[in-house]
Amino acid sequence: MKLLSIGFLLSCSLAAFAQTIQKDSITTIEEVVVTARLPLREIVPSQKLKGAELERLNSQSVADALRFFSGVQLKDYGGVGGIKTVDIRSMGTHHIGIFYDGIELGNAQNGQIDLGQYSLDNIGEISMYNGQKSAIFQPASDFGNAGSVYIRTRQPRFTEGKNYNLKLKAKYGSSDLFRFSTLWEQRISTAVSSSLNAEYITSSGKYKFNYRRVTPNGEVAYDTTAVRENGDVRAERVDLNINGIILRGYWNAKAYLYHSQRGIPGAIVNNVWRRGERQGDMNTFVQGRFQKDISDRFSTQWLAKYAFYRTHYVNRDTMMLPIDNRYWQQELYLSTANAYEIMRNWSASVSYDFRWNKLNADTYRFAFPTRFSHLVSLATALDLKWMKAQVSVLGSFVHDRLHPRTEFLEEVTRTNNINKFTPALFIDFPLVDKLYNDGSSATFSLRAFAKRSFRMPTFNDLYYTDLGNANLKPESALQYDFGVRFDKRYNKGLMRNFHFQADGYYNTIHDKIIAYPKGQQFRWTMLNLGKVHITGLDVMTSVSLQPMKNLLVTGRLQYTYQDARDVTDKADVFYNDQIPYIPYHSGSAIVNVAYKNWTLNYSFIYSGKRYNQQENIAYNYMQPWYTSDLSLQYDFKVCTTRMRITAEVNNVFDQKYDVILNYPMPGINGVVGFQVEL
Amino acid sequence: MKHLKYIIYLLFVAFVASSCRENDIIIYPTENNVGDKLVSNYLGLYVLNEGNMGSNKATLDYLDLSTGVYSRNIYPSRNPNLIKELGDVGNDVQIYGNSLWMVINMSHKVEVADAKTAVSRGHVDIPNCRYLAFDGGFAYVSTYVGLPNSESVLGAVYKVDTASLKVVDKCIVGYQPDELVVNKGKLYVANSGGYNGMKAIGYDNRVSVIDLKTFKVTNTIKVAPNLFRVRNDKYGRLWVSSRGDMKRIPSKLFIVENDVVVDSLDSRTDGFDFRGDSLISYSGRGAKTKFKVIDIRTMKMVNDDFLKFPTDVPIKTAYGIIIHPATGDVYVMDATNYVSSGKIYCFDKDGNYKWHTLTGDIPGHACFLMK
């Protein structure tokens, strides 16, 4: 079964091909499964959303799509322009690595990746891994997070005799939302293709929200509806990709530009209904990737990236003190990953990453920090019939350099060198792996992993004001996971596909970085204070049914239980309380019905009760929320041109809710769209 | 296969079983009897909790001195129709006449309520308001935003008619004015320039003097960087505290008499209150918190470790102090970590611990209700 990695590439395009057919004729041709080389094989599979499934969700951004993964909590400040970040298994946003076309997105300033800024427009696949992607042939950075999300743009694919694809898409909806995007895919030669994707988004960000309270006997105490202000956004995005296939390998190059202007709507508090904060972003990066099998045993991969981010923050609220600050971030990233197959079922890899980050700002006495990170990973994978295992260790060596004029707090030392070694172990037991004569199959496996990881304090944590606190230690996470996975495929009958997976886990977070005011006003300090113990359960199941010809029903159900307790100090009033914004119960369901050219999608998201501060008391209680979204899609052809009309209704039952306290979410809203493929 | 179907059913049940949304019911106070009854002319103590910025959790607590019952968060239930409750970041509380005045900084308003019932009389819109002073039927409110100039924004003092709750005048002062006090027909305003420390302009170091007859700045007194508190003592002198520049210049305490700085004390002071001829101050954080007693006649420190905290409930972040004018009991407010319930401690006049109880988030401001 040993195949070249070109075979792996092939499998991707074949899978995509299978899907296109599936969409048109609604037969259930399954993905062609091609087993990749051992270093590329993943021991613990990821949660994935891809292709048509992704397109049918009523999602605007990558953040919206991630809500359908188990173990994920989305922090959403509301509206098209509101910040959206994810938290996997209660470990905190900073422990999550977000990878865009194979290379990690960085933000050394505050460590936050606003996933609301990443459009779903041209995304082919989103996958999420707990622990790490358990294929050893990967960059050292990929071993370094507690959880990872991989976003992959669509790979160009061409039908026979056609050298280009052109797609135009337009959407119009509530909050004066208008999106227009184009995709131009071109075959340059048999081995080289390109894709150019451009998108323009604008929205007033206005929507009605409501706050209401009643007296204990049910009379309305107050009931107020207002319009969300200063949430407007205008964004442009251009994404250029060139992909090439070489003998036993491939390469690609990518240029990305995102530019946006937005209002920051802010918290709705008593007597304040509008704020004046604005933010301008310009994010650009270029990256390249080269991968080749040098011999039957040895494979190498080289990555390079340069990113430049500019943020302009302005406060024009006349009731506040004016702020006008600019920040410039740069990142340079170089990586090499090398894998060697020692024996047919035993391989090893070594990877080295270099990363350079620089933050400049026009604020007074800025520290102008520069960070040099060297990461080295060693990993080995073993694939026996009854067990697959992978062991990795990552060495991280981080050094910060500051402007020589920077002053420090009295009790703080100047140097900040961090050297850390973090190991991980992944094991999988394929207990059942049967392929029957009639084409149906069944697999059942047990898996487990243990992993240590950490997150570096960000530049904001360390050097927020003109005073530095370089004494911060990295925040570390320790994870233990045990799970089962069951898959069954049928070739006939009502049920065509059944999938079930469940994971129980126990995580601990040490030295959690927490902001504390200095006791005097205007000054905050960051301390390594928190300790969190997390016990959780993620369950995901999906099923495909074919009740009659031309009718395909798929369902996906996901449930997450999380018990995340603050165990920092017994003397705290919040000792042993659930940490903020983590619901005990959350989940989602998707039901998709495809009949001939029609596709109807229903999705439901539930987030249970939670607390907005550390203390689990009535004053901090947040109501559960749940939303239902519907979308209808009709595909048709005019002459030979494919067209699609979509209609979406989100939050069908018009629930008024906050994900984050005092940041109201939109009620019922809708979008209509039209798409042409030339 | 069958059992797997049951798992799906089970998951559905889990969804249904998890609680659904209910109506949001207005918040009612939680009560705790501290077991300490004091009968005097002072009926009770109002405590205003700031609440973290953006959380809309400014809350009002009330200690009934005659029964010892401490009620947390009394405002929403007494004013159920007030949209989004008391507001965001409570910064000062005082009683004038029959009214309770509360400065709600980030709600850009001063809330005025009946002093006995805490039922709202209305509010005055003042942007970024900070502290209060009263004189002759008028309230004076300091604010960070008065007049924008090329570098920043100068602060101001608003003059409010206490009967009509209308702003009648405004006077521009220095940068980011905090406390203010009326002394012999003049208003003294401590300018901090606290936000300018992060700019090249630097901290403000002046006390602005406003003549109440003309409501114009007639004098400025140069004191020290980053002024914060200004209070009258019983001898008609002003005590002004500076926070210092957080680097080289430490926090200090100054005495101003007839518009002149007459004396100073090298003593870090975050907050203070008077009792007879004593000034009791707090400073520092955690185990380094200091409670000092200064004799205001001699300017000498007579005790630098006045209050004895029980070891099982140590103070974390001293954030406010108020002394019972009749009994001499000392109340200390603890903001803990600023994002969870604070504490209020009570000590007798000799500094012995009496009790403590939980408050709202960030207690820092309090005033007594008299008969």
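Coordinate-derived values only; no laboratory data. Everything numeric here is computed off the predicted structure, so don't read it as measured data. Cβ sites come from the backbone with ideal geometry, for glycine too, and all protein chains shown count toward neighbours.
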- Note on the structure: Scoring only Lys, Arg, Asp and Glu (+1, +1, -1, -1) among other residues with Cβ under 9 Å from the Cβ of B:CYS346 yields -2
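Please compute the average number of Cβ atoms from other chains found within 10 Å of each residue's Cβ in peptide B:73-82. Please list the in-between numbers first.
Details: counts 2, 0, 0, 2, 3, 0, 2, 8, 6, 5.
Mean inter-chain Cβ contacts per residue within 10 Å come to 3.
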- Residue mean of other protein chain beta carbons inside 10 Å, A:613-622: 5
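Using a cut-off of 11 Å between beta-carbons, work out the net charge of the residues near A:ILE660 (Lys and Arg +1, Asp and Glu -1, A:ILE660 not included).
On the way: positive: A:LYS75, A:LYS84, A:ARG610; negative: A:ASP76, A:ASP658.
Overall, the nearby charge balance is +1.
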- Message: Just to confirm my numbers, what's the Cα centroid distance between region A:315-368 and region A:246-309 in Å?
- Response: 11 Å
- Counting Lys +1, Arg +1, Asp -1, Glu -1, what net charge surrounds A:GLU199 among other residues with beta carbon under 9 Å of its beta carbon? 0
- Total lysine pairs whose alpha carbons fall under 16 Å of each other in region B:259-365 (8 or more apart, or interchain): 14
- Query: If each residue's Cβ is checked for other Cβ atoms within 10 Å, how do A:ARG297, B:ARG243 rank with the fewest at the top?
  - Reply: A:ARG297, B:ARG243
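Divide by every residue of chain B the summed helix terms, -39500 (n - 2.57) for each DSSP H run of at least 4, and state the resulting mean residue ellipticity at 222 nm, rounded to the nearest 500 deg cm²/dmol. Please report the intermediate quantities before stating the final value.
Working: 2 runs with 20 residues, N = 371.
The helix contribution divided over chain B gives -1500 deg cm²/dmol.
Which of B:VAL189, A:VAL233 comes first, and how do the rest follow, when ranked by fewest Cβ neighbours within 10 Å? Before the final figure, lay out each step's value.
On the way: B:VAL189 29, A:VAL233 22.
In order of increasing Cβ crowding within 10 Å: A:VAL233, B:VAL189.
Ignoring chymotrypsin sites (Phe, Trp or Tyr not before Pro) that are buried or in helix or strand per DSSP, and keeping those with at most 10 other beta carbon atoms within 10 Å, what is the longest stretch of chain A between them?
A:1-385
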- Message: Could you derive backbone 3J(HN,Hα) for region B:170-178 from the dihedral phi with the Karplus parameters 6.51, -1.76 and 1.60 (θ = phi - 60°), listing whole Hz in sequence and x where the residue is Gly or Pro?
- Response: 8, 10, 6, 10, x, 7, 6, x, 10
- Note on the structure: Taking Cα atoms, the helix B:2-17 axis meets the longest principal axis of chain B at an angle in degrees (rounded to 10) of 40 degrees
- Item | Expected 222 nm ellipticity per residue - DSSP helices of 4 or more, -39500 (n - 2.57), all of chain A, to 500 | -1500 deg cm²/dmol
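Once R0 is set to 35 Å, what does the formula 1/(1 + (r/R0)^6) return for the Cβ-Cβ distance between A:PHE674 and A:THR225, expressed as a FRET efficiency to the nearest 0.05? Can you show the working numbers first?
Working: r = 32 Å, r/R0 = 0.91.
Calculated value: 0.65.
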- Item | Point-to-point label distance, A:VAL393-A:THR300, nm (Cα→Cβ direction, 7 Å offset) | 2.5 nm
- Query: Mean shadow of the protein assembly as shown, computed from the convex hull of its alpha carbons, in nm²?
  - Reply: 42.6 nm²
- Within region A:350-383, which residues have the backbone N less than 19 Å from the label spot 7 Å out from A:GLN330 along Cα→beta-carbon, could you tell me? A:354-363, A:366-374
- Message: Order these by the 10 Å Cβ neighbour count, fewest first: A:THR85, A:THR182.
- Response: A:THR182, A:THR85
- Query: Can you give the mean number of other chain Cβ atoms that lie within 10 Å of the Cβ atoms in peptide B:237-248?
  - Reply: 2
- Query: For the residue pair B:ASP259 and A:ALA450, what label-to-label distance in nm results when each label sits 7 Å from Cα along the Cα-to-beta-carbon direction?
  - Reply: 7.6 nm
- Could you check which residue among B:GLU85, B:GLU257, B:GLU151 shows the biggest mean-square fluctuation in a GNM of chain B with a 10 Å Cα cutoff? B:GLU151
- Roughly what would the spin-label model give for A:TRP598 and A:LYS162, points 7 Å off Cα along C-beta, in nm? 2.6 nm
- Note on the structure: Note: probe point = Cα of A:GLU236 + 7 Å toward Cβ; backbone nitrogen < 14 Å; residues of region A:195-229 passing the test are A:198-202
